[in-house]
Amino acid sequence: MAREMLGVICNPLTSTLWCGLGQRNITVAADGKWLVADSCTSLSSSIQGFALPLIAQTVTGSPAQATLLDSIMTLISSVLRLPSGVVQDKYDRENL
């Protein structure tokens with residue numbers, strides 16, 4: 001049984017950005033909130049990855065220290081993503 005959202009015919013057995021999360025009945029407003037939240041997260045991560053090393057280089061005057069800061073940020077982010085994924089899978093995502 002297909003449903004229509006934003007002019008797109010959605011098959012409930014498939015999962016796409018515009019149709020929601022497969023079998024779950026998600027409204028257009030919830031999809032819009034997810035799209036905005038995910039877009040803001042991606043934008044802020046991109047700005048952080050670009051701006052912080054430039055700020056570090058401006059403050060310290062050393063490209064090596066700016067690169068070290070960027071490497072440390074990437075390492076910490078990578079290490080923290082694994083346990084946070086486990087927590088997301090273990091507990092109900094709506095309550096997190």
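Collect the residues in the stretch 51-96 that are assigned to a loop (DSSP other than H, G, I, E, B) and either more than 21 Å from W34 (Cα to Cα) or modelled with pLDDT of 90 or more (or both), keeping them in residue-number order.
Listed by number, the residues that qualify are G61, S62.
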### Summary
Scanning the stretch 35-67 for residues that are within 24 Å of the chain's Cα centre (by Cα) and aliphatic (A, V, I, L, M) gives L35, V36, A37, L43, I47, A51, L52, L54, I55
### Query
Looking only at the stretch 45-59, which residues are under 16 Å from T74 (Cβ atoms) and open to solvent by 100 Å² or more (accessible area, probe 1.4 Å)?
F50
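The values are calculated or read from the model by the stated rules, or taken from the named source; none is laboratory data. Bear in mind the structure is a predicted one, so any value in this text is a computation, not a measurement. Heads up, the Cβs are rebuilt from the backbone with ideal geometry, glycines too, and the neighbour counts pull from every protein chain shown. The accessibility values were calculated without ligands, DNA or RNA, using every heavy atom of the protein model including side chains. Shrake-Rupley method; radii C 1.70, N 1.55, O 1.52, S 1.80 Å.
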